[in-house]
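Just below is one structure, and these are the notes that go with it.
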Amino acid sequence: MKKPRSLSFSYAIGMFGTSIPINMLKTYAAVFYVDRLGLTTVQFSLILFIYTFIDALDNPIYGFLSDRTNSKWGRRRPWLVVSTPLLALCLIAFYNPPIQSVGTTLFVYCMIFYILTGTIDSVINANYSALFPELFPTDESRAKTNAMRQAFQLVAMIISIALTSMVTSAIGYSKTSMIYGLLGGIIIMYMALSCKDAGIRSDEERPQLWDSLKSLFINKKFWIAGFTNAFYSAAVSLVLAAVPFFAKYTLGISDSQQTLLFGTVLLVAIGCVAIWAAMVKKYSLIKVWRAALFVLALAFIPMYFANSLTMAIICGAFVGLGISGVIVTMDLIGAKIIDEDKMKYNVRREGIISNALGFMNRLNGLFTSFAFYLVFVLFGFESGTNPGTQPDNAARFLLTVFPLAMMIISFIFSFFINFNKSKANEEAVKAS
């Protein structure tokens, strides 16, 4: 049996592996296909729209199958081991489209491999997230491990987001995707082989699909937390996708300067993880969560007026502060919901609940899809070959205006949820 500290590390570093491939996909898909290959913003918007609904259908099924899996490897490990090489292969395929693909061919290829890569990532993250509340049953162990894994996630974001523009400039998207796919896959596999759940006991009731869906449907806290995080995820996803456009069309800066902007946001976020984690220990989790959402919303206001790299970096630091707080608290909120469900129904279904919450986060695809459609309608930005007459304002809209609206809604939603301070944790400690 692993020591708690060793287990925390083995689990937490898995977030580094899962973040590398999906961050490259989500952040650079638009700039690679729209700005470089000529896919239109309307076509890319449609891909995001279709993918969101596919994700809606398959996510609960992934969680349900994972919760009912009974093997000598536990419930989660088989899914992680099988899915990991598929994720790497699909990422590589996405950034290696057939030569001279244009028009409908390019659109279909992009859609197929965007959906495949995103779907396999959903399988991996559903099982990875489901391990969290089971391996770490107390608030103290969760807060410590979650702070560590979020730090790993932010380091991964520096590599797969901040440095990628420089890496791709040097070796191209094709080789970069190969390196990131291999790196992410090795780390995920290490985590999967190091962390094993307890499996299903012979006397334990297995979760039933209809009962699980019904319990989620009537769970008010699940819906509120889900929508809060969905709007937050939409804001952050759009920011990551919009920075390359903002750097090129609004600030007019080079790839290396763009890396500096991305790096500032993420380094500040890493530096603030410990601060937010300490606040969670000292204050109410809910209050700290709301404070983080508010800080992030506020950060987009001065960012709108940024017209130089220096100003953008200063504003970006506040964005990093807000993101850091939300990622430190968001998964702890989800774990509380899982605890309460287990207490109420006496059934372990971490997989389906984690996956359902993951699906709610992925609703951000609807909002980011709408945002890309709006930049075409409002500013005439069609693609890199036809950016319209206001590409600077289109990029500013993507980076600040739409994300601000998403964060205001997210902040409002957060006021409709609360938890009993000690009951869930006491039960979790007893169960462990």
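The values are calculated or read from the model by the stated rules, or taken from the named source; none is laboratory data. What you are looking at is a predicted structure, and each value in this text was computed from that prediction instead of being measured. In this analysis, Cβ positions are derived from the backbone assuming ideal geometry, glycine residues included, and neighbour counts consider all displayed protein chains.
Note on region 1-39: residues that are surrounded by fewer than 19 Cβ atoms within 10 Å (Cβ to Cβ), in a loop (DSSP other than H, G, I, E, B), in contact (Cβ under 8 Å) with a residue 24 or more places away in the chain and at negative phi total 2. Among the residues of region 101-130, the ones that are surrounded by fewer than 18 Cβ atoms within 10 Å (Cβ to Cβ) and either in contact with a strand residue (DSSP E or B) (Cβ under 8 Å, 6 or more places away or on another chain) or small (Gly, Ala, Ser) (or both) come to 2 in all.
Hey, any hits in region 74-96 for a residue that's outside any loop (DSSP other than H, G, I, E, B), within 23 Å of residue 172 (Cβ to Cβ), β-branched (Val, Ile, Thr) and in contact (Cβ under 8 Å) with a residue 40 or more places away in the chain? Among the residues of region 74-96, at least one is outside any loop (DSSP other than H, G, I, E, B), within 23 Å of residue 172 (Cβ to Cβ), β-branched (Val, Ile, Thr) and in contact (Cβ under 8 Å) with a residue 40 or more places away in the chain, which makes the answer yes.
If the condition is being part of a helix (DSSP H, G or I) and out of contact with any Leu (no Cβ under 9 Å at 6 or more places or on another chain), then region 299-309 contributes only 302. Please go through region 207-221 and give me each residue that is at pLDDT 80 or above and loosely packed, with under 13 Cβ neighbours inside 10 Å, ordered by number. Within region 207-221, 214, 217, 218, 220 qualify. Of everything in region 46-62, what is at pLDDT 80 or above, touching a helix residue (DSSP H, G or I) at 6+ places or on another chain (Cβ under 7 Å) and not β-branched (Val, Ile, Thr)? Give them in sequence order. Those that are at pLDDT 80 or above, touching a helix residue (DSSP H, G or I) at 6+ places or on another chain (Cβ under 7 Å) and not β-branched (Val, Ile, Thr): 48, 49, 51, 62.
Quick check on region 310-333. Is at least one of its residues free of Cβ contacts under 8 Å to residues at least 12 places away in the same chain, over 19 Å from residue 241 (Cβ atoms), hydroxyl-bearing (Ser, Thr, Tyr) and in a helix (DSSP H, G or I)? So far as region 310-333 goes, yes, one or more of its residues are free of Cβ contacts under 8 Å to residues at least 12 places away in the same chain, over 19 Å from residue 241 (Cβ atoms), hydroxyl-bearing (Ser, Thr, Tyr) and in a helix (DSSP H, G or I).
For region 145-178, the set of residues classified as surrounded by fewer than 17 Cβ atoms within 10 Å (Cβ to Cβ) and free of Cβ contacts under 8 Å to residues at least 40 places away in the same chain consists of 170, 171, 172, 175, listed by residue number. Looking at region 348-378, which of its residues are closer than 21 Å to residue 111 by Cβ and not in a helix (DSSP H, G or I)? Matches in region 348-378: 363 only.
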